[in-house]
Amino acid sequence: MNEIKPGTLYLVPTPIGNLSDITERSVEILNNVDLIAAEDTRHTRILLDHLGISKSPVSYHEHNKKEAGPKLIDELKSGHTVAQVSDAGMPVISDPGADLVRLALSEGIPIVPLPGPNAALTALVASGLDARQFVFIGFLPKITAKQKKLLSDISHVPFTLIFYEAPHRLKDTLDTLLKYLGNRRAVTARELTKKFESFNRGTLESIRLHADEEEPRGEYVLLVEGWNESMETGEENQATWQEEAMKQAESLPLKEAARRTAGKFNMSRREIYQFLLENKK
Ligand code: SAM
């Protein structure tokens, strides 16, 4: 059994879908801490019931952190142990916890992070995109000016970019990324570790088209190829695969035009050929 140290804040990752993905050590810590600080107590209750842990979690989230944070710090100072959990995955990563960590550090409270499930890394390793160097962006800001600033800051970053997005915003986000980053290789990782886990590996454009055909549902990580010298980026880069295919088809047989465009946009030849058959009269 791992020793539990008095007055310590434990950051405990929880499953992102499949309840079996919690580690033995995380279960041990949840069983043995004095307090479990949860983003949503009802959500965490389900996990605790599954694990056979009867203690009641206390609430710590974005909207009560100003009051709940100092109370948890007092508990820690008096020698109690606290586990911080979010609804899914790593606390702090696009989830509450960062302020509690900072507060604890400023009070000299020891922090022990436990490794475990995280949607971004789980998606990255199966994406097929460069996983040696990557940048985690998380959710795009909702305000257009902030989106624009962020995307122009990262438009020339040569590392894989990782985004989180809610299904009802996926189409808008794909449009925004196309606008500022240009059409790049991209992957969606949907419903990771769950029954309907699926990957769509293509380009921002092909994924956007797919989202029109099949309404996005469930949870998504969106990964986008990093910038390289052969790319144009930014708003000026508005050439779409359709435009490219039509241009190629002016001087080439449709099959060859489709082949070349497919290579350039990392898409299926068949989809482009079909498009040319329908549009190049
Ligand atoms: N803390 C979590 C982590 O470590 O991954 C992230 C929490 S954030 C509030 C929730 C977002 O993570 C979702 O909107 C989605 O983008 C992504 N996500 C979480 N679970 C996922 C899953 N099973 N499959 C795909 N994406 C997931």
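The values are calculated or read from the model by the stated rules, or taken from the named source; none is laboratory data. Predicted model only: the values in this text are computed from it and were never measured. Because the Cβ atoms are built from the backbone with ideal geometry, glycine has one as well, and the counts that use them run over all protein chains shown. With ligands, DNA and RNA removed, areas are computed over all heavy atoms of the protein, side chains included. Shrake-Rupley method; radii C 1.70, N 1.55, O 1.52, S 1.80 Å.
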Verdict on Ala68 being outside the structural domain of Glu191 (by TED's automatic domain parsing), within 11 Å of the ligand (Cβ to nearest atom) and either under 24 Å from Ile16 (Cβ atoms) or not β-branched (Val, Ile, Thr) (or both):
no
Restricting the stretch 50-103 to residues that are more than 26 Å from the chain's Cα centre (by Cα) and among the charged types (D, E, K, R), the one most open to solvent (accessible area, probe 1.4 Å) turns out to be Lys66
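Consider Gln133 carefully, then state whether it is touching a helix residue (DSSP H, G or I) at 6+ places or on another chain (Cβ under 8 Å) and not assigned by TED's automatic domain parsing to the domain that holds Lys264.
Considered against the rule, which asks whether it is touching a helix residue (DSSP H, G or I) at 6+ places or on another chain (Cβ under 8 Å) and not assigned by TED's automatic domain parsing to the domain that holds Lys264, Gln133 comes out as no.
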Counting only residues in the stretch 104-123 that are in contact (Cβ under 8 Å) with a residue 12 or more places away in the chain and open to solvent by 80 Å² or more (accessible area, probe 1.4 Å), the one farthest from the chain's Cα centre (by Cα) is identified as Glu107
Counted residues, the stretch 12-47 - those being surrounded by fewer than 20 Cβ atoms within 10 Å (Cβ to Cβ) and in a helix (DSSP H, G or I)
14
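Could you list, in sequence order, the residues of the stretch 39-81 that are within 18 Å of Val12 (Cβ to Cβ) and of a type in the set (D, E, K, R)?
Glu39, Asp40, Arg42, Arg45, Asp49, Lys55, Lys65, Glu75, listed by residue number.
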Being of a type in the set (Asp, Glu) and in contact with an Asp or Glu (Cβ under 6 Å, 6 or more places away or on another chain) is the filter; apply it to the stretch 177-218 and report the residue that is nearest to Asp153 (Cα to Cα).
Glu191
Confirm whether Lys148 is on the phi < 0 side of the Ramachandran plot, within 16 Å of the chain's Cα centre (by Cα) and modelled with pLDDT under 95.
no
Selection count where residues are under 13 Å from Leu100 (Cα atoms), within 16 Å of the ligand (Cβ to nearest atom) and either in a loop (DSSP other than H, G, I, E, B) or of a type outside the set (Gly, Ala, Ser) (or both), scope the stretch 72-88:
3
Out of (1) within 16 Å of the ligand (Cβ to nearest atom); (2) surrounded by 13 or more Cβ atoms within 10 Å (Cβ to Cβ), the odd one out for Thr240 is which?
(1)
